[in-house]
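Engineer: Just dropping this structure here.
The values are calculated or read from the model by the stated rules, or taken from the named source; none is laboratory data. Quantities reported herein were computed from a predicted structural model and do not represent experimental measurements. In this analysis, Cβ positions are derived from the backbone assuming ideal geometry, glycine residues included, and neighbour counts consider all displayed protein chains.
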Amino acid sequence: MKKLSVKTIVAIGIGAALFFVLGRFVAIPSPVPNTNISIQYGLLAFIAAVFGPIAGALAGLIGHFFIDFSYGWGVWWSWVIASAVFGCLVGIVTLKLKLDEGEFGTKGIITFNIGQAISHVIAWVVVAPVLDILMYKEPANKVFVQGITGAIINIITTAIIGTIICIAYSKAIPKKGSLKEEN
Amino acid sequence: MNNLFNYIEKKSPIHDLTGATKLVCLFLWSLAAMTSYDTRLLAVLAVLGIALFPVGKIGVKDVSFMLWFTLVFLVLNTILVYLFSPHHGTEVYGTCTYLFGMSGHFAPTAEQLFFQLNYILKYFATIPFVLLFVCTTNPSEFAASLNKIGVSYSVSYSVALALRYIPDIQKQYHEISQASQARGIELSKKASLIHRLKSASAILVPLILSSMDRIEIISNAMELRCFGKNKKRTWYMARPFKALDYISIAVCALLLVISITLTVVNGSRFYNPFK
């Protein structure tokens, strides 16, 4: 594995801490158990878009692990891994975006949102239920309903919150060539 | 921070175990409970897990909040399993015995009830142990133990950073949220869901922008101190292994071996009394 830069390491740590705080204290429960209306995935998508797939995966893994850990209901590994998968996928999809150079136009918004929607579907409708069935032998239709509900809610929240954060962040950064020499 | 993770400082044999030992035991234990659906093994694990509480000097009072939380979660999940597939048990055990002379889609079968019993037992096999781990492991020791069991130290350091900054970010979130609410941003149930999401992002933007600054500052400070230059590093909270550490790891490994053997002997992950 390539050696992680110091900045990525710090981004993983802070990203996981943010993920934890948002997931633990700002969650709104939805009618289906295991699935909260969680705004932390908007943040995770943003971290992954700025710092890349490894940062996204590890921030999701550590943050989600701590959330489960602090509730004390046992660590639900299938869902923790799904969070990591989501972070990693968004990181890969958005590799071409230059968010840290202040570029996030219409094209960027479309790439980001299509990418996050696909990643959510893979993470919650494929990875989490399949792992649930393999690890815990839960009935298939129950976990798929949970997964699909989670995916839909997460896609909506990520689309709103993730996009807003990305736009705000890219606007806060001076663009390349934004300074002009005065005559 | 200790409050957040429910760590309770006490003097007991379990507190004396190193963090690395407890982490390894947690992994082995959860794996053992995960692989097998054998009723007998799950019952043993559940009893053993509960029996460890007095050893760790943790009372029911200390974990009552978390227990309630888990129980609600468990009841909901059990009901859902029944609603979604009342015949999961019949599929798993291959026989179908209707109880109370009823038949139909939602009629209770002995297999389904047995499956649900196992399902509940599975929770009871893992949750007491996790609760115990949460109550007896100092979060600061956690990162050091990750490094000890073979996770690279940069990743362990990320974990340590996360633990270090959770309280700070929590405080900052609170401050920003209060400031925004004072300016009229509505977060309570009075606002519609979409509206609430929008208000949430109004808090998130300043929180995340300041966190990005934080990332910059911390990584500069770490680079100045040559973080990542050497192959190894030492940990302030790391402790050497004692005899009891080796014994506990051996016991947990044995449980995992039993779990795998039972799966092989039974021919499946389930213990089938209906054959």
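Engineer: Can you pull out every residue in the stretch B:128-163 that is at the interface with chain A (Cβ under 9 Å from one of its Cβ atoms), free of Cβ contacts under 8 Å to residues at least 24 places away in the same chain and either outside any helix (DSSP H, G or I) or more than 16 Å from the chain's Cα centre (by Cα) (or both)?
Structural biologist: B:SER152, B:VAL155, B:SER158, B:ALA160, B:ALA162
Engineer: Residues to consider are A:LYS175, A:LYS107; find the one that is away from every other protein chain (no Cβ under 13 Å), surrounded by fewer than 23 Cβ atoms within 10 Å (Cβ to Cβ) and at pLDDT below 80.
Structural biologist: So the residue among A:LYS175, A:LYS107 that is away from every other protein chain (no Cβ under 13 Å), surrounded by fewer than 23 Cβ atoms within 10 Å (Cβ to Cβ) and at pLDDT below 80 is A:LYS175.
Engineer: Still on this structure, please answer the following. Restricting to the stretch B:246-268, name every residue that is modelled with pLDDT of 85 or more and touching a Lys or Arg at 6+ places or on another chain (Cβ under 9 Å).
Structural biologist: The answer is B:SER248, and nothing else.
Engineer: Restricting attention to the stretch B:212-250, which residues are surrounded by fewer than 17 Cβ atoms within 10 Å (Cβ to Cβ), among the polar types (S, T, N, Q) and either touching a helix residue (DSSP H, G or I) at 6+ places or on another chain (Cβ under 6 Å) or more than 12 Å from every other protein chain (Cβ to nearest Cβ) (or both)?
Structural biologist: Residues satisfying the conditions are B:ASN230, B:THR234.
Engineer: Can you list the helices (runs of 4 or more DSSP H) found entirely within the stretch B:1-88 that contain at least 1 residues being surrounded by fewer than 20 Cβ atoms within 10 Å (Cβ to Cβ) and among the polar types (S, T, N, Q)? Steps first, please.
Structural biologist: Working: elements: B:13-16, B:19-35, B:39-55, B:60-84.
Because the criterion is at least 1 residues that are surrounded by fewer than 20 Cβ atoms within 10 Å (Cβ to Cβ) and among the polar types (S, T, N, Q), the helices (runs of 4 or more DSSP H) in the stretch B:1-88 that meet it are B:19-35, B:39-55, B:60-84.
Engineer: Taking interchain pairs and intrachain pairs at least six residues apart, which have beta carbon atoms under 8 angstrom, with the first residue in the stretch A:45-71 and at the interface with chain B (Cβ under 7 Å from one of its Cβ atoms) and under 10 Å from A:THR8 (Cβ atoms) and the second of a type outside the set (Val, Ile, Thr) and surrounded by fewer than 24 Cβ atoms within 10 Å (Cβ to Cβ)?
Structural biologist: A:LEU58/A:ALA84
Engineer: Tell me, which residue of the stretch B:89-107 that is closer than 18 Å to A:LYS137 by Cβ and outside any helix (DSSP H, G or I) is nearest to the other protein chains (Cβ to nearest Cβ)? Write out each step before concluding.
Structural biologist: Keep residues of the stretch B:89-107 that are closer than 18 Å to A:LYS137 by Cβ, which gives B:89-95.
Next cut, outside any helix (DSSP H, G or I) only: B:94-95.
Working: B:GLY94: 14, B:THR95: 17 Å.
The residue in question is B:GLY94.
Engineer: Separate question: Looking only at the stretch A:145-154, filter to residues that are within 12 Å of chain B (Cβ to nearest Cβ) and either closer than 18 Å to B:ILE203 by Cβ or surrounded by fewer than 20 Cβ atoms within 10 Å (Cβ to Cβ) (or both); which one of those is farthest from the chain's Cα centre (by Cα)?
Structural biologist: A:VAL145
Engineer: Determine, yes or no, whether A:THR157 is out of contact with any His (no Cβ under 8 Å at 6 or more places or on another chain) and within 13 Å of chain B (Cβ to nearest Cβ).
Structural biologist: Answer is yes for this residue.
Engineer: In the set A:ALA27, A:ALA49, A:ALA82, which member is crowded, with 24+ Cβ neighbours inside 10 Å, over 22 Å from B:LEU161 (Cβ atoms) and at pLDDT below 90? If you could, list the steps in order and put the result at the bottom.
Structural biologist: Values: A:ALA27 fails: crowded, with 24+ Cβ neighbours inside 10 Å; A:ALA49 fails: over 22 Å from B:LEU161 (Cβ atoms).
None of the others qualify; the one that does is A:ALA82.
Engineer: Looking only at the stretch B:216-245, how many residues end up being in contact (Cβ under 8 Å) with a residue 12 or more places away in the chain and in a helix (DSSP H, G or I)?
Structural biologist: 3
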